[in-house]
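Sharing a structure, written as structure tokens. Questions coming.
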Amino acid sequence: MMYANISTAYAKIAAAYANLTTVAQFTAAQAPTVQSSTAKLQTVRAQPNHTAARVARPAGSLRAIAGVLGALCCLQPALAQSLADIPASQRAAAMNNSQVQQLLNDNKNSTPVLAEQGLNTSWQTGQYGPSVGTKPANSSDIMPFGAELFGGGFRGLRSDGLNPNYKVLPGDQITLRIWGSVEVDRVLPVDAQGNIFIPSVGPVQVMGTSHQQLDALVRSAVRRVYPDNVQVYTNLQGVQPVAVFVTGYVQQPGRYAGVPSDSALFFLDQAGGIDNALGSYRQIKLLRNGEVLQNLDLYQFVLAGQLAHPQFENGDTLLVEQRQQVVQVSGDVARAYQYELNNSESADVLLTRVQLKPGVTHVLHRGINATTPYSDYVRLNELSQLILANGDELVFSVDQQASQIVVQVEGNFLGQSRFVVPKHASLQQVLRNIAIDPAIADINNISLRRLSIAERQRASLLEALRRLETTYLGAPSATVEESAIRVREAELISQFVQKARQVQPTGRLVVADDISGVADIRLQDGDVITIPELSDAVLVSGEVFVPQSVVFSGRKSLEDYIAAAGGYSQHADKSRILVVRPNGEIRLADDVDIRSGDEILVLPKVSSKNLELASSISQILYQIAVATKVALDL
């Protein structure tokens, strides 16, 4: 149980149990319920000059609080919002209770613990402190260039070291077979001096010889003693493993095993890769006996596939140094990265590593000069004049505005389906260039689909679904029966939200009506002009038994068309029937007459005893029907 201060704790206790009027309800049989309910009192109201805090209480306080609950419920049967709402005489009696005084003293002597977002305290597992894996609020999502190297691909398969370029080292095992005038079949170790000892031949220096050259070297040594009728075969049977230290700015510094011919990437990947916040991908040192053997630059491997370094020996060290000059690149690029620059590299060199999107014209340069932030906005061809410093940011932009737009035509028309028109062209200007057959094209019911409208419709739908979840999924329950109802409602809401989030609005814009005709609006890039076909039918869909098209007749009513489609289904909401006009306009069926080409859409009925919830879901169903001309099934 958590408390900010004892006064507000009493206020919450009184409010939660105001409907209990006798102390008998707090018997030993109800003690677990009291404790469970009390444990749920998480939110406290801050009082003036007090800091909201949550203080852990010992388990022994549960019994004392149960007694306080009984006293408060007897003193104040009506709903009390705070201890101050209780009459003075009853409040004094409550405060004289010895258990109340004990809690007050405990609260005064205890040290409050401020509630922090993201606190992960688990009394069962013994885990304390911030949640593991939580991202700091100020962390950047932009990764260093080359960070994809360390996803485990290099440590997955361990090499056996038996490649043609492997250099023989002390401790390696070499198989030797000689036949002919003399026979030898042995496995010879390479000793500390780098020799193998061949009987009757003597020591042969093999250390530093490549696997590819080993056979020729041994054959030459044997034939110096046995020049005739001797055949020689050698094979490097096994290599001596090595242990390499990986340290510096890596995720998991340590000592890792491998073979001498393994790549530096193998050992770095075993160490979890380079620290993305601190480590350098370009300043990696290979140390041997305290001396720098070679400097490694992973950019050479990423960009050119080159990463040459000497063969590893036991006890070598890979040291990843701290990164120095870093420039962050974002905006209209294929992928945003943080790039490291050496002291000699300029902005032109950086540009060769950045894949820009087509049409980039400008770049925003932001940084800090000493202690003063500054910004420059220059053309792309002026980037070479900028002097980059550590922490700078480059944001590339496509600022060249198109002078033309592309408009598409769908439905019943003749000729081309796409038109490239000036940026400020109007609908009527484009319609005059579209060939149609007046006998079958319904030019009075033209409509428009627009991407920006579809995006706004989807954003509005997602916001309505978010409000629905926020309002009802977190609502409290006062009784067991209400809790069961809440569970069923939560299942209904979750299923409905899951379906509704998959809906893609069409972005239909109504541009024609019976009075003004087709409006002459300015077109936007990506607009789709819909020219419907003249129809003699009425489509009936939604919550009917047999959704189908019915031949239009001026003598038929709304109910006649629904009856022709099999009638209402058991889920139909007879009070919410929509009529979709061929021009995209949607009206309530009670307000309009049915015309040829219309679509009758019967919405489903929300089965919930919660009238407010049913109204909210019905409103969203209507919103979906308007945006998509679809009656979403519950």
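The values are calculated or read from the model by the stated rules, or taken from the named source; none is laboratory data. This is a predicted model, so every value here is computed, not measured. Using ideal geometry, Cβ is built from the backbone for each residue, glycine included, and neighbour counts are taken over all protein chains shown. Areas reflect the complete protein model, heavy atoms only, side chains present, ligands, DNA and RNA absent. Shrake-Rupley method; radii C 1.70, N 1.55, O 1.52, S 1.80 Å.
Looking at the stretch 439-462 only, could you name the residues that are under 23 Å from the mean Cα position of the chain (by Cα), surrounded by fewer than 19 Cβ atoms within 10 Å (Cβ to Cβ) and not acidic (Asp, Glu)?
Arg456, Arg458, Ala459, Ser460, Leu462
State whether the residues of the stretch 299-311 include one that is touching a residue at least 12 places away in the same chain (Cβ under 8 Å), aromatic (Phe, Trp, Tyr), assigned to a loop (DSSP other than H, G, I, E, B) and open to solvent by less than 70 Å² (accessible area, probe 1.4 Å). Break it down into steps so the answer makes sense when it comes.
Initially, the stretch 299-311 is screened for residues touching a residue at least 12 places away in the same chain (Cβ under 8 Å), giving 299, 301-303, 307, 309-311.
Okay, now just the ones that are also aromatic (Phe, Trp, Tyr), so 299, 301.
Going one step further and asking which of them are assigned to a loop (DSSP other than H, G, I, E, B), we end up with none.
Checked the stretch 299-311: no residue is touching a residue at least 12 places away in the same chain (Cβ under 8 Å), aromatic (Phe, Trp, Tyr), assigned to a loop (DSSP other than H, G, I, E, B) and open to solvent by less than 70 Å² (accessible area, probe 1.4 Å).
Moving to a separate point now. Considering only the stretch 322-366, state which residues are open to solvent by 50 Å² or more (accessible area, probe 1.4 Å), within 25 Å of Gly272 (Cα to Cα) and in a strand (DSSP E or B).
Gln322
Here is a list of conditions, (1) assigned to a helix (DSSP H, G or I); (2) over 30 Å from Asp527 (Cα atoms), and Ala478 meets all of them except one; can you say which number that is?
Failing condition for Ala478: (1).
Same structure, new question: When you scan the stretch 262-286, how many residues do you find that are over 17 Å from Arg323 (Cβ atoms) and either without any contact (Cβ under 8 Å) to a residue 24 or more places away in the chain or open to solvent by 40 Å² or more (accessible area, probe 1.4 Å) (or both)?
The total comes to 2.
Of everything in the stretch 596-609, what is open to solvent by 10 Å² or more (accessible area, probe 1.4 Å), assigned to a loop (DSSP other than H, G, I, E, B) and modelled with pLDDT of 90 or more? Give them in sequence order. Break it down into steps so the answer makes sense when it comes.
Just the residues of the stretch 596-609 that are open to solvent by 10 Å² or more (accessible area, probe 1.4 Å), to begin with: 596-597, 599, 605-609.
Those still in the list that are assigned to a loop (DSSP other than H, G, I, E, B) too: 596-597, 605-609.
Within the stretch 596-609, Ser596, Gly597 meet the criteria.
Select from the stretch 312-321 the residues that are of a type in the set (Val, Ile, Thr) and in a loop (DSSP other than H, G, I, E, B) and list them in ascending order.
If the condition is that a residue be of a type in the set (Val, Ile, Thr) and in a loop (DSSP other than H, G, I, E, B), then no residue fits.
Turning to a different aspect of this structure: Kindly indicate the residue of the stretch 463-475 that is more than 17 Å from Val606 (Cβ to Cβ) and modelled with pLDDT of 70 or more and also least open to solvent (accessible area, probe 1.4 Å) among those meeting that condition.
Only one residue tops the list, namely Glu463.
For the stretch 234-244, does any single residue satisfy the condition of being modelled with pLDDT of 85 or more and open to solvent by 70 Å² or more (accessible area, probe 1.4 Å)?
No, there is no match, as no residue in the stretch 234-244 is modelled with pLDDT of 85 or more and open to solvent by 70 Å² or more (accessible area, probe 1.4 Å).
Collect the residues in the stretch 391-409 that are over 30 Å from Glu345 (Cβ atoms) and open to solvent by 50 Å² or more (accessible area, probe 1.4 Å), keeping them in residue-number order.
Gln401, Ala402, Ser403, Gln404, Val406, Gln408
In addition: Looking at the structure I just gave you, is Ala435 without any contact (Cβ under 8 Å) to a residue 24 or more places away in the chain and among the small types (Gly, Ala, Ser)?
In short, yes.
Also: Could you figure out which of (1) in contact (Cβ under 8 Å) with a residue 40 or more places away in the chain; (2) surrounded by 13 or more Cβ atoms within 10 Å (Cβ to Cβ); (3) not in a loop (DSSP other than H, G, I, E, B) isn't true of Leu388?
That leaves (3) as the condition not met.
Let me ask something else about it. If only one of Thr530, Thr506 is part of a strand (DSSP E or B), of a type outside the set (Lys, Arg) and surrounded by 17 or more Cβ atoms within 10 Å (Cβ to Cβ), which one is it?
Thr530
Could you list, in sequence order, the residues of the stretch 196-228 that are open to solvent by less than 30 Å² (accessible area, probe 1.4 Å) and out of contact with any Ser or Thr (no Cβ under 8 Å at 6 or more places or on another chain)?
Listed by number, the residues that qualify are Ile196, Ile198, Gly202, Val204, Val206, Thr209, Ser210, Ala221, Val222.
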